[in-house]
Amino acid sequence: MSAKTEKELRVGNVVVDYPSPSVARIRIGDPQAKQSILDEATIAALEKVLTRIEAQISLQGVILAGCAPGRFLAGADVKGIEAVSDAEAGRKLAERGQALFQRIARLPWRTVAAIDGVCLGGGLELSLACKVRVATDSPKTQIGLPEVQLGILPGWGGTTRLPRLIGLPKALDWILTARRADARRALRDGVVDRIVAPEGLDAAALEAAEGKWQSKPRSRPISERLRDGTSIGRAWVARVARDRVRQQTGDRFPAPFAAIDVATRGLALSVDGSLALEAKAVGELVASPICKNLVRLFFLMESAKRQGDRERAAAATEAAVMGAGIMGGAIAALLAEQGIATRLHDSRAQALDAAVARLRERLDRRVRERRLEEAAARAVLDRFQPTPDGSRLGKPQIVVEAIVENLAEKKALLTKLAEQVPESCVLATNTSSLSVTELQSSVPHPERVVGIHFFNPVEKMPLVEVIRGAHTSEEAVAFACGLAVRLKKTPVVVADCPGFLVNRILAPYLAQAAALLREGLSISQIDRAAVAAGMPMGPFSLLDEVGLDTAAAASRVLTAAFGDRMAAGSLLEPLLAAKKLGRKSGSGFYQYEDHKKGSSPAPDPQLSSLLGIPWAASASGPKADLLQSAPSRLLEAIASEARLALAEGVAASAEEIDLACVLGFGYPPERGGPLR
Ligand code: NAD
């Protein structure tokens, strides 16, 4: 053993220095790389470094930190997870990380995680093995355990240590929601011990490592001790958690149930015993097809985010949005939130007022929930500029038009805009059904016109279809993709065909639902079949949400272009004639007025007579065969249209179509996508 501390030690991308004679600081990661992950090389380097550190008996503290400001640890190497093909190999992978973190947990000194930047998955598990966690209040700092989203559970000690640190219910909440919390939330929940400004992190970590700052030990109320410390208490927490998972995703994903099981049973065991449960569960999950599908989607999303001209998009400072309706108002808000001064124009003053009111309400709520600083909310409002005079658009780098879905009006607007804004300005249309080629045909320099199709609700829906018209330039497509990424959306480039990609693929699914209805199933039976297949909601509920008028308009366009395989429209017309437009009018296929919150709405009482289908609202007689085949028929309708779209080159690859279906309408991610 060497009693002397060393000056500086470097093994691979792990560097040790000594901010004071009794404190070693281990910095992890390559400052030149975009982010730091715990890949094979880093783990091996950490193992070697720890062997040296363990021998330095004159130490009193050890700090674990990232390699540069704003860079902590983004987690394990997902490629490593992808490569595992059997449960035994998966278990061994978990055990390797666990053993490393156990060595950190067993160091006899004050160990401090100094967190600035993303601290996810393995990054948080490493921090949990330290005795103290100090995090910065930087917006870059995000703390969480996202493993269940990849079909596994935190298997490097996270499922074992987090319940011991913050109690079982809160730990399960973090693990099951895969929450990415900021430092304030993490402090409130007890996941970190102290928050400091980024420039104060080094000093604060040193204070903790030297014992000059100590975290107050958390007092455990008697109720918590009874709950987490008794088998009856733990069983109750587990049951509540399982019920919640079932409500949200049924029994489709095994990982959340495994996490509940390991966290609950593990709490009754020693740390080593619990880690063994964890490793075994990870092994079983990691080798499953569900995990492989989720990991593939993760990579597809990552690669979609690298698309486009992100440099040009990052340089954008000014934008304009035309039309302040549901879509335009939300798109303008998104641009303003991402730092772009955005003028929002509408021909109706009330529409502008309503858009401002919606944004204010949203920002206020986020401030109230302490998810946004007041100053940041004010800055967003300053950048969001309602502009009643449509000729005063400044010098935007992009204009997004989101006025009514009318070809003549959109063409007139785009032509006028082309004269008004600099030639370098990209003109984007948010049309959901018109041809971008047709829209750009009368615009001078049509190469700058591109489709940017956001989905409703804009704040929530992660996908953006970027539509290349016949004259659209590569630059305009690249800028649109880059901008979508800046707005934290996932872009998929699609061809200019009716329905583009997502609505086109969705239409035969709705037509298949109509066919099942005519053959004898009720709307509720069909909706349940779709949910059983993994769809987030059934086709008739979806139609009611979209609005039957909007859906009928889309159906007309698609049926005219592709024929009867898209035809769900004939079901919609009788309801439209009766002024039933779906949820927004209080009634559609289902009745929304007077229905109790929390209960499912009942089919509209007039449905059967309006459609002339006696069993539409409630099916009679046994229909076992039909019921059994319904889920696969619904999914097959999606898959067969996806194959046609691929063959026609609507998107560049099967992967992009899979991603668009998962993000665009919630195709069950555990299946990987319709072309998987
Ligand atoms: P909306 O009716 O809510 O809003 C349209 C707004 O445009 C209205 O406020 C109207 O006053 C304004 N407007 C009309 N003509 C104008 C003009 N010449 N100049 C300025 N303002 C004008 O419509 P929406 O649902 O927000 O849809 C807007 C666009 O987005 C449409 O092209 C639609 O197809 C597309 N879209 C809608 C959805 C959706 O679910 N609502 C989804 C994707 C795309």
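The values are calculated or read from the model by the stated rules, or taken from the named source; none is laboratory data. This one's a predicted model, so the numbers in the text were calculated from it and none came from an experiment. With ideal geometry, Cβ positions are generated from the backbone for all residues, glycine too; neighbour counts draw on all protein chains shown.
The residue that is farthest from residue 196 (Cα to Cα), among those in the stretch 78-121 that are aliphatic (A, V, I, L, M) and outside any helix (DSSP H, G or I), is 84. Quick check, is residue 426 within 10 Å of the ligand (Cβ to nearest atom) and assigned by TED's automatic domain parsing to the domain that holds residue 321? Answer is no for this residue. Evaluating residue 343 against the criteria (1) farther than 30 Å from residue 662 by Cβ; (2) away from the ligand (no atom under 16 Å from the Cβ); (3) surrounded by 15 or more Cβ atoms within 10 Å (Cβ to Cβ); (4) of a type in the set (Lys, Arg) leaves one unmet condition, (2).
Evaluate the following for residue 515: is it farther than 16 Å from residue 572 by Cβ and hydrophobic (A, V, I, L, M, F, W, C)? It is false that residue 515 is farther than 16 Å from residue 572 by Cβ and hydrophobic (A, V, I, L, M, F, W, C). Taking each residue of the stretch 390-401 that is in contact (Cβ under 8 Å) with a residue 12 or more places away in the chain and looking for partners that are of a type in the set (Asp, Glu) and within 16 Å of the ligand (Cβ to nearest atom) with beta-carbon atoms closer than 9 Å, six or more apart or interchain, yields 390/346. Based on this model, can you work out whether residue 349 counts as near the ligand (Cβ under 10 Å from one of its atoms), surrounded by fewer than 18 Cβ atoms within 10 Å (Cβ to Cβ) and not aromatic (Phe, Trp, Tyr)? Considered against the rule, which asks whether it is near the ligand (Cβ under 10 Å from one of its atoms), surrounded by fewer than 18 Cβ atoms within 10 Å (Cβ to Cβ) and not aromatic (Phe, Trp, Tyr), residue 349 comes out as yes. Return yes or no: is residue 431 without any contact (Cβ under 8 Å) to a residue 40 or more places away in the chain, closer than 29 Å to residue 353 by Cβ and of a type in the set (Val, Ile, Thr)? For residue 431, the condition - without any contact (Cβ under 8 Å) to a residue 40 or more places away in the chain, closer than 29 Å to residue 353 by Cβ and of a type in the set (Val, Ile, Thr) - is met. Among the residues in the stretch 468-483, are any within 14 Å of the ligand (Cβ to nearest atom) and either of a type outside the set (D, E, K, R) or in contact (Cβ under 8 Å) with a residue 24 or more places away in the chain (or both)? Looking through the stretch 468-483, none of the residues is within 14 Å of the ligand (Cβ to nearest atom) and either of a type outside the set (D, E, K, R) or in contact (Cβ under 8 Å) with a residue 24 or more places away in the chain (or both).
All of (1) part of a loop (DSSP other than H, G, I, E, B); (2) under 20 Å from residue 532 (Cβ atoms); (3) without any contact (Cβ under 8 Å) to a residue 40 or more places away in the chain hold for residue 618 with one exception: (3). Going through (1) modelled with pLDDT of 90 or more; (2) assigned to a loop (DSSP other than H, G, I, E, B) one by one, residue 627 falls short only on (2).
Matching residues to (1) within 27 Å of residue 339 (Cβ to Cβ); (2) surrounded by fewer than 21 Cβ atoms within 10 Å (Cβ to Cβ); (3) more than 13 Å from the ligand (Cβ to nearest atom):
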site: 408; (1), (2), (3): no, yes, no
site: 414; (1), (2), (3): yes, no, no
site: 436; (1), (2), (3): no, no, no
site: 439; (1), (2), (3): no, no, no
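Is it the case that residue 550 is away from the ligand (no atom under 16 Å from the Cβ), hydroxyl-bearing (Ser, Thr, Tyr), farther than 16 Å from residue 517 by Cα and assigned to a helix (DSSP H, G or I)? When the stated conditions are applied, residue 550 does not pass them. Of the residues examined, residue 331 is one that is within 16 Å of the ligand (Cβ to nearest atom), under 21 Å from the mean Cα position of the chain (by Cα) and not assigned by TED's automatic domain parsing to the domain that holds residue 142.
Of all the listed residues (30, 86, 39), the sole one being touching a Ser or Thr at 6+ places or on another chain (Cβ under 8 Å) and among the acidic types (Asp, Glu) is 30. If you check 543, 571, 516 for being in a helix (DSSP H, G or I), within 16 Å of the ligand (Cβ to nearest atom) and either closer than 17 Å to residue 607 by Cα or among the aliphatic types (A, V, I, L, M) (or both), only one passes: 543. State which residue is nearest to residue 467 (Cα to Cα) when the search covers only the stretch 376-406 and only residues that are crowded, with 18+ Cβ neighbours inside 10 Å and of a type in the set (S, T, N, Q). Out of the qualifying residues, it is 397. Contact map, the stretch 75-95: residues that are surrounded by 17 or more Cβ atoms within 10 Å (Cβ to Cβ) paired with residues that are of a type in the set (D, E, K, R), Cβ distance under 6 Å, separation 6+ or inter-chain. Pairs shown: 77/39; 87/284; 91/280.
With a requirement of 2 or more residues that are assigned by TED's automatic domain parsing to the domain that holds residue 154 and over 21 Å from residue 191 (Cα atoms), the helices (runs of 4 or more DSSP H) lying completely within the stretch 202-274 that satisfy it span 231-249, 254-266.
For the condition over 27 Å from residue 505 (Cβ atoms) and surrounded by fewer than 23 Cβ atoms within 10 Å (Cβ to Cβ), residue 443 qualifies.
Considering 255, 259, 304, 287, which residue is aliphatic (A, V, I, L, M) and farther than 29 Å from residue 675 by Cβ? So the residue among 255, 259, 304, 287 that is aliphatic (A, V, I, L, M) and farther than 29 Å from residue 675 by Cβ is 259.
Being more than 16 Å from the ligand (Cβ to nearest atom) and among the basic types (Lys, Arg) holds for only one residue in 358, 392, 383, and it is 383.
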